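S.K.: If you scroll down you'll find the structure; I have some questions about it.
The values are calculated or read from the model by the stated rules, or taken from the named source; none is laboratory data. Every value quoted in this text rests on a predicted model; they were computed, and no experiment measured them. Here the Cβ positions follow ideal geometry from the backbone for every residue, glycine too, while neighbour counts run over all protein chains shown. For the accessible areas, the whole protein counts, side chains as well, though only heavy atoms, and no ligand, DNA or RNA atoms are used. Shrake-Rupley method; radii C 1.70, N 1.55, O 1.52, S 1.80 Å.
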Amino acid sequence: MLPALTGYSKDSLTELMAEWGEPKFRATQLLDWIWKKKAASFEDMTNLPAALREKLTETHCLHALESTTVQGSADTTRKFLFKLGDGRYVESVLIPANPALYGEKSDRRTLCVSSQVGCAYGCKFCASGLAGFSRNLDAAEIAGQVLMAERLSGERVDNLVFMGMGEPFANFDKLMAAIEIITADWGLHLGARHLTISTSGLVPQIKRLADHPQQIRLAISLHGATDDVRDLIMPVNKKWKTADLFEALDYWNSRKKQHLTLEYILIENVNDDLEQARILATHAKRLTAKVNLIPYNTVEGLEWVRPSETRCRAFRDILKNAGVSATLRLEKGHDIDAACGQLRLKQETEEGIIEAPVKS
Ligand code: SAH
Ligand code: SF4
């Protein structure tokens, strides 16, 4: 498998061109073809010498991803399934005119990006964790999802959320390398404020991002306000208890101006007790965090149930009455969003790459 040119930073590409005895401006020309002109092949890069194009073709591929399926249409949510160089699959979801869920401006196109194939964290409600962890994505495969989504849709992506398959903080270095490409003026030039990383609660990496100079946003998949509830559905809570997590979030607040988002999936008889809402309200208030309530999306093979709308609203109202900014997404059209991981699971199961998962 040849390395993808889309994984190079400006520095590393400049170094490669110097090694090849090329003039300095080659790196700039190449980056321009890749990220601005969105070239489909090395052949398209017409202002490069033929010998260089040939050398590039022999030693590199241009893109790390190949598009296989696109579900949905222009004014709805679109789901892209991408084939990786080693035959594995990842997916990205393009959501049009998303309401301002993560503090960004509304009416923007948001792309939900994957960071790993599978996930090792095994949350009990999640399709991505069902078949276990396969591998980390590299920078070309992460940043490439944005490039491919823009090429396929013909639209500019305004916001990114790292909420697709995988735990982004378990792939920290590759994630940050991809973010450099995504935010750089020579790359996709998307402002860090338009990027949201979602984590199930990896405490050391929360602190590392808090110390990072870029103003990247952070969302925490909380899904339980107390240890007993989080322990039931999120194995990560065995390692970092809610007290450790909240301490890391205080540290975040001491370093950052961006408000945190707490995500909370509502699952019937698991975490939808109204006492959880009261405790959640206390934490959210202290942290000045926004809460996104997401009724559980059915995952094939799992038996969890979404609570009634009445219960979801009652849960939200407790937060609102406590003065917490809380949103509840009840629309059915969003089912495809949170179902990230399912398309890849189906494809890889059909191809016999992974075995059909069973509930543990
Ligand atoms: N690993 C990271 C990012 C990927 S998951 C994290 O856990 O935050 C992105 C979001 O989708 C998380 O909030 C996750 O809890 C949520 N999610 C997973 N399965 C879901 C389901 N069945 N219904 C609704 N949301 C789900
Ligand atoms: Fe992994 Fe996030 Fe799914 Fe948990 S919710 S299994 S951390 S992708």
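S.K.: Decide, for segment 82-219, between rounded, prolate and oblate: order the square roots of the alpha carbon gyration tensor eigenvalues as a ≥ b ≥ c, take rounded if a/c falls under 1.5, and otherwise choose prolate if a/b is larger than b/c, else oblate. All intermediate terms of the calculation are to be shown ahead of the outcome.
M.R.: Values: a/c = 1.39, a/b = 1.16, b/c = 1.20.
Judged from the Cα gyration tensor, segment 82-219 comes out rounded (a/c under 1.5).
S.K.: Quote to one decimal, in nm, the extra length available between E351 and V305 on full extension: 0.36 nm per residue of separation minus the C-alpha distance between them. List each step's numbers first, then the result.
M.R.: Details: separation 46, 0.36 × 46 = 16.56 nm, distance 2.92 nm.
Result for the pair: 13.6 nm of gain on full extension.
S.K.: Would you mind telling me the antiparallel percentage of the DSSP bridges in the chain, rounded to 5? Intermediate values should be presented prior to the final figure.
M.R.: Numbers: 19 of 42 bridges.
Counting DSSP beta bridges with both partners in the chain, the antiparallel share is about 45 percent.
S.K.: Next question, about the same structure. Label segment 162-267 by shape, choosing from rounded, prolate and oblate, from the square roots a ≥ b ≥ c of the eigenvalues of the Cα gyration tensor; if a/c is under 1.5 it is rounded, and otherwise prolate applies when a/b is larger than b/c, oblate when it is not.
M.R.: prolate
S.K.: Treating cross-link reach as a plain straight distance, find the lysines whose alpha-carbon is under 16 Å from the alpha-carbon of K285, omitting any fewer than eight places away in the same chain.
M.R.: Partners within reach: K257, K320.
S.K.: Determine the sum of side-chain charges near R311: Lys and Arg each +1, Asp and Glu each -1, restricted to other residues whose C-beta is under 11 angstrom from that of R311.
M.R.: Working: positive: R306, R313, R316; negative: E268, D272, D273, E309, D317.
Cβ neighbours under 11 Å give a net charge of -2.
S.K.: Specify the residue with the greatest mean-square fluctuation among Q116, Q145, Q276, computed from a Gaussian network of the chain linking alpha-carbon atoms under 10 Å apart.
M.R.: Q276
S.K.: Moving on to the next point. Please work out the Cα center distance from segment 1-74 to segment 264-331, rounded to the nearest Å.
M.R.: Distance between centres, Cα-based: 45 Å.
S.K.: Run the reach check for K55 against lysines, Cα to Cα strictly under 27 Å, same-chain hits fewer than 8 apart removed. What comes back?
M.R.: Within reach: K10, K24, K36, K37, K38, K83, K174.
S.K.: Next question, about the same structure. Compute the distance in nm between two label points, each set 7 Å from the Cα along the Cα-to-Cβ direction, one at R286 and one at D211.
M.R.: Placing both labels 7 Å beyond Cα along the Cβ direction yields 2.4 nm.
S.K.: Oh, and also: Just the projected area, averaged over all directions, of the convex hull on the alpha carbon atoms of the chain: how many nm²?
M.R.: Taking the Cα atoms of the chain, their convex hull projects to 17.7 nm² on average.
S.K.: If you don't mind, another one. If I take all pairs of Cα atoms in segment 126-167, what percentage of them are more than 15 Å from each other? The partial results should precede the final answer.
M.R.: On the way: 446 of 861 pairs.
I get 52 percent for the Cα pairs in segment 126-167 exceeding 15 Å.
S.K.: Please compute the alpha carbon radius of gyration of segment 19-158, then divide it by the globular-protein estimate 2.2 N^0.38 Å. Two decimals is fine. List each step's numbers first, then the result.
M.R.: On the way: Rg = 17.6 Å, N = 140, 2.2 N^0.38 = 14.4 Å.
For segment 19-158, the normalised Cα radius of gyration comes out at 1.22.
S.K.: Let me ask another. I'd like to check one number: the per residue accessible area of the chain, probe 1.4 Å, reported in Å² as a whole number. Show your work: numbers first, answer last.
M.R.: Working: 15090 Å² over 360 residues.
Per residue, the chain has 42 Å² of solvent-accessible surface.
S.K.: Can you give the angle from 0 to 90° between the axis of helix 172-183 and the longest principal axis of the chain, with both taken from C-alpha atoms, to the nearest 10?
M.R.: Here the helix axis deviates by roughly 70 degrees.
S.K.: Top to bottom by accessible area (1.4 Å), largest first, where do T349, T77 land?
M.R.: Working: T349 45, T77 20 Å².
Final ranking, largest accessible area leading: T349, T77.
S.K.: Let me know the shape class of segment 229-303, please: from the alpha-carbon gyration tensor, a ≥ b ≥ c as square roots of the eigenvalues, rounded when a/c is under 1.5, otherwise prolate if a/b is greater than b/c, or oblate.
M.R.: Numbers: a/c = 1.96, a/b = 1.65, b/c = 1.19.
Prolate, because a/c is 1.5 or more and a/b exceeds b/c.
S.K.: Take every DSSP beta bridge with both residues inside segment 1-99 and express the antiparallel ones as a percent of the total, to the nearest 5. Intermediate results must be reported in sequence, preceding the final value.
M.R.: Values: 12 of 13 bridges.
Percent antiparallel among DSSP bridges in segment 1-99 is about 90.
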